[in-house]
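The values are calculated or read from the model by the stated rules, or taken from the named source; none is laboratory data. Please read all numbers here as calculations on a predicted model, not as lab measurements. A quick note on method: Cβ atoms are made from the backbone with ideal geometry, for glycine too, and the neighbour counts reach across all protein chains shown. The area values use the complete protein model at the heavy-atom level, side chains included, leaving out ligands, DNA and RNA. Shrake-Rupley method; radii C 1.70, N 1.55, O 1.52, S 1.80 Å.
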Amino acid sequence: MGDTRGGRLPAMVGARLLHIRDWLLPGAPALGWMPLAILAYLGFLFVPFLLGPAATAAGGWGEVAIGNPTWLQTRDGRLAATLASVVVFLPLYFMAYRARGVGAVAAMLGVFAIGCALLPLNPFANTYLIYATGFAASLPNALWRRTGWFMAMATVFVAEALWLWPRQGPFIVGITLLIAASVFVANHFQAESAKRAGALALSHDEVRRLAALAERERIGRDLHDLLGHTLSLVALKSDLAARLLGRDPGAAQREIAEVSAVARDALAQVRSAVTGIRAAGMAAELASARLLLACDGVSLDYVYDERSGSGAALPPRVETALALTVREAVTNIQRHARARHARVGLASEAGVVVLRVEDDGV
């Protein structure tokens, strides 16, 4: 047998990474790797150190000095302060995804406070305001409250930037507010879209639950109507056969034969009813499939001809088989295809009913 360790190691590493991600972000599984990828924006904090002393001085970034210059205001001191801010920021960042209510607000304000504290030493500390703005847009509050948090943080930042950077303050403020407002609006619509998707999924589940309840009630009524009369007839004829058994064995035998015939007929009716219960209608299945895929942002178009090539309705067994095929195919699209559009077509071709399921995914 071949050595499977080469394929097993990447799978183990991938599983370990997923475990770490789920531990860091237990409340945001739908976001995938995005929260970790966003941390790449921390690289902007180190832009002043990559530009070099001459570039920063020419740009006016070296003008801030409160009192006598200290080691903290040297290049090494500012770099150390920036690194320390990242160390403090990371726990607050992950707390913002894990916490709810007051905890989420505290994490947001903590990130903003880091930016305000670092701004005198690093003009690119406005990066922390961008993070705080994104968290403000994702708070589970009314829009006016989230907008209020954004406006309050922006006002404090504008005042501090204009006081610290007389020459470059307007430029810093303009760029920062433009990016912050864009992030706030984008996160707001993303949060609203997630809420609508969740509500749609809940309504889908409720529709299925109500449909199942209605089906159970219909089954109960059908079986009651079907078996009530039949079982009463079986009981009466069985009693009659028992009374006739001693006086007229022939008549008793005929009654028993009728009981047997009634029982077989009842069995056939029950089987027919159960077949109807298990049958899946194509129209209902297509509507359910469209709703299921819509929850994942996949649009579904379908062309459905209810009649076969002969002009007659599809036999129930054929329609059930096709409907269950559609259910399985749509489930595979939803789970594995990563598609944006799908199409189902059911039509008659040369006297044969043909079902096609297509998507633009992998």
- Each residue of the stretch 292-303 in order: what ³J(HN,Hα) in whole Hz does its phi give by Karplus 6.51 cos²θ - 1.76 cosθ + 1.60, θ = phi - 60°, with x for Gly and Pro? 4, 5, 4, 5, 9, x, 10, 7, 10, 10, 9, 10
- Item | Whole-Å distance, taken between Cα centres, linking the stretch 100-142 and the stretch 233-254 | 89
- Grab the beta carbon distance between GLU217 and ALA287, set R0 = 22 Å, and tell me the FRET efficiency rounded to 0.05. 0.60
- Query: Each residue of the stretch 256-263 in order: what ³J(HN,Hα) in whole Hz does its phi give by Karplus 6.51 cos²θ - 1.76 cosθ + 1.60, θ = phi - 60°, with x for Gly and Pro?
  - Reply: 5, 5, 5, 4, 5, 5, 4, 5
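For TYR41 and SER299 in one chain, what is 0.36 nm times their gap in residues minus the Cα-Cα distance, to one decimal in nm?
The TYR41-SER299 span can extend by a further 89.5 nm.
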- Query: For the stretch 91-106, in order, what is each residue's ³J(HN,Hα) by Karplus, 6.51 cos²θ - 1.76 cosθ + 1.60 with θ = phi - 60°, in whole Hz (x at glycine and Pro)?
  - Reply: x, 5, 4, 6, 5, 5, 7, 8, 7, 9, x, 4, x, 5, 5, 5
- Note on the structure: With all protein chains present and a 1.4 Å probe, the order of MET34, MET108 from largest accessible area down is MET34, MET108
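If you count, for each residue, the other Cβ atoms within 10 Å and average over each peptide, how do 85-97, 121-133 line up from highest to lowest? Before the final figure, lay out the partial values.
Working: 85-97: 17.6, 121-133: 24.2.
Going from most to least packed, we get 121-133, 85-97.
Given a 1.4 Å probe and heavy atoms of the protein chains only, how would you sort LEU42, LEU245, largest accessible area at the top? Mind dumping the intermediate values first?
Working: LEU42 20, LEU245 110 Å².
In descending accessible area the options line up as LEU245, LEU42.
Mind checking the full-extension length gain between ARG196 and LEU227? Use 0.36 nm per residue of separation minus the Cα-Cα distance, one decimal, nm. Walk me through the intermediate numbers first.
Working: separation 31, 0.36 × 31 = 11.16 nm, distance 4.60 nm.
Computed gain between ARG196 and LEU227 is 6.6 nm.
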- Search the structure for amide H atoms under 5 Å from the amide H of LEU121, placed 1.01 Å from N in the peptide plane, and list their residues when 5 or more places away or on another chain. none
- Item | Inter-label distance for ARG356 and VAL156, nm, one decimal - labels placed 7 Å from Cα along Cα-to-Cβ | 6.1
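Over 18 Å, how big is the tail of the calculated P(r) for the stretch 83-179, in percent of all Cα pairs?
Working: 1986 of 4656 pairs.
Cα-Cα pairs in the stretch 83-179 separated by more than 18 Å: 43 percent.
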